[in-house]
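Have a look at the structure below before the remarks.
The values are calculated or read from the model by the stated rules, or taken from the named source; none is laboratory data. The structure displayed is predicted, hence computed values, not measured ones. All Cβ positions, glycine included, derive from the backbone under ideal geometry; neighbour counts span all protein chains shown.
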């Protein structure tokens, strides 16, 4: 393709936006139908008649999806067409289960969904180029650390369920740590973009182990260490694990050196052992994980009820509204996957897991296609946040790993997490749209859902 043909294609593509984004609209509509059908079923079980607010709910959901779709259509017309429908599907399944457990929480979750869609569109509107984020890495590092520290400040922070993660203003509360995940990912991606070659090549020998020069690795280590220490102080082991995993994954992706993973794992294991000795709540979590029957009516009650729920659900589940997942404390937050396992069974549980896997796969596909190093690392970091968060909570409720207090992305009840996740979707779509523009400029054209051979993460 000649340069003139490439330019012509670049100008023609916006005229076909509606055709290009039709799969996204159809998939999102299917997610809405599933959500409305599930909500109607739970209402029929509870009240034996369809709720009066069903038409209003349907109209609101359609309006929200149309707004999100139009936002992408106008602001990122070449972006991937699968991420938004997957997010809507997971959000809808979570809303149905939350409405089954607590109608008041369902109303709050519906409001947070609207706020999340608004944040999604605003992110696409104001972040037109990811290079803008790249230029202000230390500003985002500062904002991220401030967001982590805020809940620990007396008079500002609030402790809920044993973890001091919240800021409460009147009756309104939110978790600034959710924003910190995005801020620190921007910093790490930006810093690694400029130092990846030095980190990969510069090393010192320590016996059989090679380590990077501290002058290149130091700033990242300080930011990561500060966030981990603060998180342990706030009794939030889930976020500590999440930050470590994102940090280690991005470092490995940037340098392609497995020694960083091994060294990081050794450091984290040492920190975990120290935390186990120093903090009683860490010991309780580990002991409950090893043997929940030691205290079946106390610390082990939640985990045991979760396992009973999965056993009760079996293959097909008890049916929406026909189980007893409300016997699990905090079922709408930490243990919402257990409620899904009971009422939707193994089939429903696998459907949610497949949707999460597809989301993560799409995110990594966007990252590997990106032509700019910062976009590659940033996209990979954002996707890792969703993937690790899902693994941590799914592993916790099924007793694969010790339970930690994180939410299941898009599914669990929680406004701060939901809004942050929709912002992550918008940023990934921005990277995808930028990649398509770069491909058009170089004479390569791909549709938003077309696959292509991948070359992996490379320095350019």
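The residues on offer are 307, 303, and the sole one that is buried (at least 19 other Cβ atoms within 10 Å of the Cβ) and at pLDDT 85 or above is 303. Just one of the listed residues (271, 248) is in contact with a helix residue (DSSP H, G or I) (Cβ under 7 Å, 6 or more places away or on another chain), at pLDDT 70 or above, surrounded by fewer than 20 Cβ atoms within 10 Å (Cβ to Cβ) and at negative phi, namely 271. Among the residues of region 139-166, which ones are part of a strand (DSSP E or B), touching a strand residue (DSSP E or B) at 6+ places or on another chain (Cβ under 6 Å) and either modelled with pLDDT of 90 or more or buried (at least 19 other Cβ atoms within 10 Å of the Cβ) (or both)? Selection gives 166 alone. Exactly one residue among 435, 398 is over 14 Å from the mean Cα position of the chain (by Cα) and closer than 30 Å to residue 313 by Cβ, and that residue is 398.
Scanning region 333-363 for residues that are modelled with pLDDT of 90 or more, outside any helix (DSSP H, G or I) and within 19 Å of the chain's Cα centre (by Cα) yields a single hit, 335. Within region 406-422, the residues that satisfy the criterion of being closer than 18 Å to residue 356 by Cβ and part of a helix (DSSP H, G or I) are 417, 418, 420, 421, 422.
Quick grid of which residues meet (1) touching a residue at least 24 places away in the same chain (Cβ under 8 Å); (2) part of a loop (DSSP other than H, G, I, E, B):
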| position | (1), (2) |
| --- | --- |
| 239 | yes, no |
| 267 | no, no |
| 284 | no, no |
| 288 | yes, no |
| 302 | yes, no |
| 309 | yes, no |
| 312 | yes, no |
| 321 | yes, yes |
| 330 | yes, yes |
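Among the residues of region 386-394, some residue qualifies, meaning at least one is surrounded by fewer than 24 Cβ atoms within 10 Å (Cβ to Cβ) and either on the phi > 0 side of the Ramachandran plot or without any contact (Cβ under 8 Å) to a residue 12 or more places away in the chain (or both).
Helices (runs of 4 or more DSSP H) fully within region 77-138 that include at least 3 residues being in contact with a helix residue (DSSP H, G or I) (Cβ under 9 Å, 6 or more places away or on another chain), in contact (Cβ under 8 Å) with a residue 40 or more places away in the chain and closer than 13 Å to residue 428 by Cα: 83-101, 103-126.
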